[in-house]
Amino acid sequence: MTGLGALALVVGVLLIVIEAHVPTFGALGVVGTLLSGTGVWLLFTSGGLGMEIALPVTLGVGVVGLGAAAVTGRKVLSARRTPVQTGVQSLVGSAAMVRSWDGEQGQVEADGGLWRARMEFGYTETPRVGESVVVEGVRGLTLSVRRREPWELPC
């Protein structure tokens, strides 16, 4: 039984480590926690220590493991709801300044760089140089922009 308990403990810890590197939405973490608890249970009961020590230690391992899986799952779910903060997609919704414009296309300054831009909607006339616009989307190296609404704060 001692060998089986040690094997269950090692496999359980291995599954928890794999969960940290492979997104299985907590499945391997929960199974690893249960195997670790089982391994601890088998080690303590086969060693002749009895139920007085085996039960609290096993429950402690289970509570800590499942608590860590719950906290990690909650953090993952909250991170999925936050907006993109890096990369090109972080420009969506941000302000840009018109540097030049000719017809349907122009050039805007956004996030410290000059970008090619096209009108999204909201323009009946050509935008003026120096006018603040809002980035609506990114397609390749071209930004889709729109006129800033009166209720939006100027940048």
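Among the GluC sites (Glu not before Pro) within segment 1-106, which fall in a DSSP loop and have no more than 10 other Cβ atoms within 10 Å of their own Cβ?
Qualifying residues, ordered by number: 104.
From the mean inverse distance of alpha carbon pairs (Kirkwood) and the Cα radius of gyration, derive Rg over Rh for the chain.
Using Cα coordinates only, the ratio equals 1.42.
Relative contact order of the chain, please, whole-number percent, based on alpha carbon pairs below 8 angstrom and at least 6 residues apart. Don't skip to the end; give the middle numbers.
Numbers: 233 pairs, mean separation 23.6, N = 155.
Answer for the chain is 15 percent.
To the nearest 20 debye, what is the magnitude of the charge dipole of the chain about its Cα centre, counting +1 on the Cβ of each Lys and Arg and -1 on the Cβ of each Asp and Glu?
80 debye
Translational diffusion coefficient, Stokes-Einstein: compute it for segment 51-108 using the Kirkwood radius over C-alpha pairs as Rh, at 25 °C and 0.890 mPa s, and state it as an integer in µm² s⁻¹.
Approximately 150 µm²/s, per Stokes-Einstein.
Calculate the tail of P(r) for segment 78-155: the fraction of all Cα-Cα distances greater than 18 Å, expressed in %.
Percentage above 18 Å: 36.
Rounded to the nearest 20 Debye, what is the dipole magnitude of segment 39-117 about its Cα centre when Lys and Arg each give +1 and Asp and Glu each give -1 at the C-beta?
The dipole of segment 39-117 has a size of about 160 debye.
Between 112, 93, 65, where does the largest GNM mean-square fluctuation fall for the chain, given springs only between Cα atoms within less than 10 Å?
Highest fluctuation among the options: 112.
Rounded to a whole number, what is D in µm²/s for segment 1-88 from Stokes-Einstein with the Kirkwood radius over alpha-carbon pairs (10 °C, 1.306 mPa s)? Please list the in-between numbers first.
Working: Rh = 14.1 Å.
The Stokes-Einstein estimate is 113 µm²/s.
Neighbouring Cβ atoms within 10 Å as the yardstick, rank 51, 97 fewest first.
51, 97
Where does each of 149, 136 land when they are ranked from fewest to most other beta-carbon atoms within 10 angstrom?
149, 136
Rule-based calculations on the coordinates, nothing more; no lab input. Everything quoted here is computed from the prediction, not taken from an experiment. FYI the Cβ positions are ideal-geometry reconstructions off the backbone, even for glycines, and counts take in every protein chain you see.
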